[in-house]
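For reference, the structure is listed below as structure tokens.
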Amino acid sequence: TLRTFGTKSRQPSHRRCVPGRYLNPQAAGLSNLKTLGAQPRQSLESFAPKGRGQRRPIIKNRVIPLDLFGHEDPEEYAARRHRELYEETEKITYPSHEALAEAIRSCSRCPLRKEGGLGPVLSTGPSDSPLMIVGEGPGGVEDDYGGPLVGPSGQLLDKALLSVGITRDHVYVTNIVKCRPRGNRTPTMEEGRFCGSIWLAAEIALVKPKVIVGLGKVALRFFLGHEAGIIRSRGHWIDYHGIPVMPTFHPAYLLRQSGRSLVDAKWQVYYDLLAAKEKAAALSPQWVWKSETMPNLLENLTEERKRRHEGNHMSSLQ
Ligand code: URA
């Protein structure tokens with residue numbers, strides 16, 4: 001089956017990565033290391049509290065660690081906001097997938113909704129699947145058809161899933177942000193955190209996956225709650241409120257590679273997906289992972305596509 005995914009040669013050194021090694025800095029007791037001489041990073045500045053001499057914030061009887069100048073570490077701050085948003089939004093639960101889909105369709109809470117796409121792109125796959133795959137945000141084909149990861153990246157994902165014995169109709173696939181960012185740009189961390197904390201959190205509460213696979217750095221940063229690089233983080237389990245998350249490369253990254261780095265990256269994705277499937281299968285031994293024939297996703301989305309182009313998705317916004 002590996003052949004279908006196009007990998008031919010050796011198994012690289014990352015095989016030694018131990019699934020189960022958690023990359024959660026707080027769990028590892030490393031949460032304060034970044035404060036030593038670290039400058040706030042550019043994209044987090046808007047999240048970081050500004051100004052000097054603030055009072056030490058006390059949240060739920062927990063004293064927030066501040067540096068010598070009274071500033072909270074920006075990454076700590078971002079992670080704290082992430083936790084708070086999660087706690088706030090977790091209370092909004094939806095009785096069914098249809099109710100959640102309706103709520104997502106009528107969302108216009110952030111500027112992404114007006115960036116020119118046809119409307120929120122929801123999910124594919126069974127909502128009782130033990131494995132959830134989370135991409136970044138819809139691209140052009142996804143916006144056209146109304147399903148996540150059905151364009152070129154999605155086709156490569158399907159091959160990668162098949163290489164570990166999964167057909168796409170047996171996993172739940174969704175995105176961090178639901179609306180297409182203009183010109184296929186990568187969603188910012190703030191956009192990911194905002195949309196993900198509302199809608200992805202609600203999806204996770206409904207689907208209750210045993211394992212999540214996060215594709216690319218937008219997903220990685222959402223689940224981790226702060227900035228991190230995908231090259232170093234992939235293959236290491238993250239704990240997202242009790243759910244193990246395996247970050248791996250986004251298929252779009254593979255599509256940009258060639259030669260040896262492409263072969264290596266494909267092996268890495270293969271082992272990440274395999275680790276995720278094995279963990280999910282151990283927790284849900286009765287789950288069937290594969291259909292006899294490959295599902296035709298685009299055909300299955302014909303109705304949804306028609307609805308989007310007719311503008312029905314807009315009616316709930318008016
Ligand atoms: N299409 C999606 O739906 N998600 C991605 O992450 C990329 C393309």
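None of the figures in this text is laboratory data; all of them are computed from the coordinates on show. Note that the coordinates shown come from a computational prediction; the quantities given were computed from them, not determined experimentally. Note that we place each Cβ from the backbone using ideal geometry, even for glycine, and neighbour counts take in every protein chain shown.
Just a few scattered comments:
- Alpha carbon convex hull of the stretch 64-182, projected area averaged over orientations, nm²: 10.2 nm²
- Where only C-alpha atoms are counted, convex hull volume of the stretch 116-156 per residue in Å³: 72 Å³
- Cross-link pairs beyond the 20 Å C-alpha cut-off, checked among Lys210/Lys279; Lys159/Lys210; Lys217/Lys279; Lys114/Lys178: Lys159/Lys210; Lys217/Lys279
- log10 of Debye I(q)/I(0), alpha-carbon scatterers only, for the stretch 181-318 at 0.21 Å⁻¹: -1.37
- Taking only the C-alpha atoms of the stretch 126-248, Rg followed by Dmax gives 13.3, 35 Å.
- In terms of packing, defined here as the mean over residues of other Cβ atoms within 10 angstrom, the peptides 66-76, 271-281 line up highest first as 271-281, 66-76.
- Amide H contacts for Cys179 (H built 1.01 Å from N in the peptide plane; partners 5 or more residues away or on another chain; cut-off under 5 Å): Val121.
- Put a plus charge on the Cβ of each Lys and Arg, a minus charge on the Cβ of each Asp and Glu, and nothing anywhere else: the dipole of the stretch 188-288 about its Cα centre is then about 240 debye.
- Fewest-first ordering of Asp239, Asp144 by other beta carbons within 10 Å of each residue's beta carbon gives Asp239, Asp144.
- Shape call, the stretch 259-301: gyration tensor on alpha carbons, a/c limit 1.5: oblate
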